[in-house]
Amino acid sequence: MLPRIMELEAALKILAAFDRERVEYVLVGSMGMAVLGVIRATRDIDVFIAPDEANVARLRRALTSVFDDPSIDEITSADLSGDYPAIQYAPPSGDFSIDLLARLGERFRFDEIEWQEVTIDGIRVRVATPRMLYRMKRDTVRPQDKLDASALRDRFELEDE
Amino acid sequence: MPIRKFRSVEEMTPLPDRRPFDPENLRLAIAWSHAAMALHPVKRTPGVHKYRSYEDMKARDQRRSSGSSVSE
């Protein structure tokens, strides 16, 4: 039997909960690429999050509505705004993770992320623009990110700035 | 998506570009992820994990992925 992972239902439940709770977020990473039509396998959902206290409270409410897990309370505005701008939350199943980012290096903060809103199965989803994803992928060090950047550049005919 | 067969890797043509924002895109990504997980299962440690950078977080994922085929 195949292991369960990030089933569509779970991914959509998370995005629906973000929409319902009015979480200020932007879908980035490979799931953001998938929405844009550049598809590869992944084990996580990467989201940029506005790290202010009110928004992180909405984020916790959204996640708690999907996963009955008290550890979600450990996600704090103080951490995201301070020394821990990258927080990974893995639900109890351990099948996938939700990777929360408040900033990426010194170049990208939430307020600087270009995004667009689309509706998928009735759920409003905020996804980074192709140009934004390309810039984020291009400027990180992972080989996978370099491959992703190349795929985005070719697919959307993007040019280096 | 139909199955396509080739006599060699060289003959394989890339998949056609998917239309941006097609709801099917997300389904395809998750189906591919499912297949990848079946071939190389890696469990995340449940809970909240904090990192000083995106790179630290992904490096940890990479070590987990290459260090174990089942779980931590």
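Please give me the summed charge of the neighbours of A:Gly32: other residues whose Cβ is under 11 Å from its Cβ, Lys and Arg +1, Asp and Glu -1.
Numbers: positive: A:Arg126, A:Lys137; negative: A:Asp46, A:Asp148.
Residues near A:Gly32 contribute 0 overall.
Between the stretch A:29-43 and the stretch A:86-102, what is the separation of their alpha carbon centroids in Å?
Value for the Cα centre distance between the two parts: 17 Å.
With +1 on each Lys and Arg Cβ and -1 on each Asp and Glu Cβ, how big is the dipole of the stretch A:1-152 about its Cα centre, in debye rounded to the nearest 20? Walk me through the numbers before you get to the answer.
Working: 20 positive and 26 negative charges, 115 e Å.
My answer is approximately 560 debye.
Which of rounded, prolate, oblate describes the stretch A:103-150, given a ≥ b ≥ c as roots of the alpha-carbon gyration tensor eigenvalues and a/c under 1.5 marking rounded, otherwise prolate only if a/b is larger than b/c? Display every interim value, and only then the final one.
Working: a/c = 2.86, a/b = 1.60, b/c = 1.78.
Verdict is oblate for the stretch A:103-150.
Does the stretch A:68-161 classify as rounded, prolate or oblate by the C-alpha gyration tensor (a ≥ b ≥ c root eigenvalues; a/c under 1.5 gives rounded; else a/b over b/c gives prolate, otherwise oblate)?
Working: a/c = 1.83, a/b = 1.50, b/c = 1.22.
Verdict is prolate for the stretch A:68-161.
Give me the distance in nm between label points sitting 7 Å out from Cα along the Cα-to-Cβ direction at B:Phe21 and A:Asp73, one decimal.
Rounded to a tenth, the inter-label distance reads 4.1 nm.
Filter A:Lys13/B:Lys58; B:Lys5/B:Lys43; B:Lys5/B:Lys58; A:Lys13/B:Lys50; A:Lys137/B:Lys5 down to the pairs with a C-alpha to C-alpha distance above 28 Å, please.
Details: A:Lys13/B:Lys58 24 Å; B:Lys5/B:Lys43 32 Å; B:Lys5/B:Lys58 35 Å; A:Lys13/B:Lys50 23 Å; A:Lys137/B:Lys5 32 Å.
Over 28 Å apart, Cα to Cα: B:Lys5/B:Lys43; B:Lys5/B:Lys58; A:Lys137/B:Lys5.
Based on the alpha-carbon gyration tensor of the stretch A:1-134 and its eigenvalue square roots a ≥ b ≥ c, which shape applies: rounded if a/c is under 1.5, prolate if not and a/b is larger than b/c, or oblate?
On the way: a/c = 1.40, a/b = 1.05, b/c = 1.34.
Rounded, because the longest to shortest axis ratio a/c is under 1.5.
What is the average number of partner chain Cβ atoms found within 10 Å of a Cβ in A:78-90?
Numbers: counts 0, 3, 1, 0, 1, 3, 8, 6, 11, 5, 11, 5, 7.
The per-residue average across the peptide is 5.
Every number here is computed from the coordinates shown, using simple stated rules; none is lab data. A quick note: this is a predicted structure, and the numbers were derived from the prediction, not measured. Because the Cβ atoms are built from the backbone with ideal geometry, glycine has one as well, and the counts that use them run over all protein chains shown.
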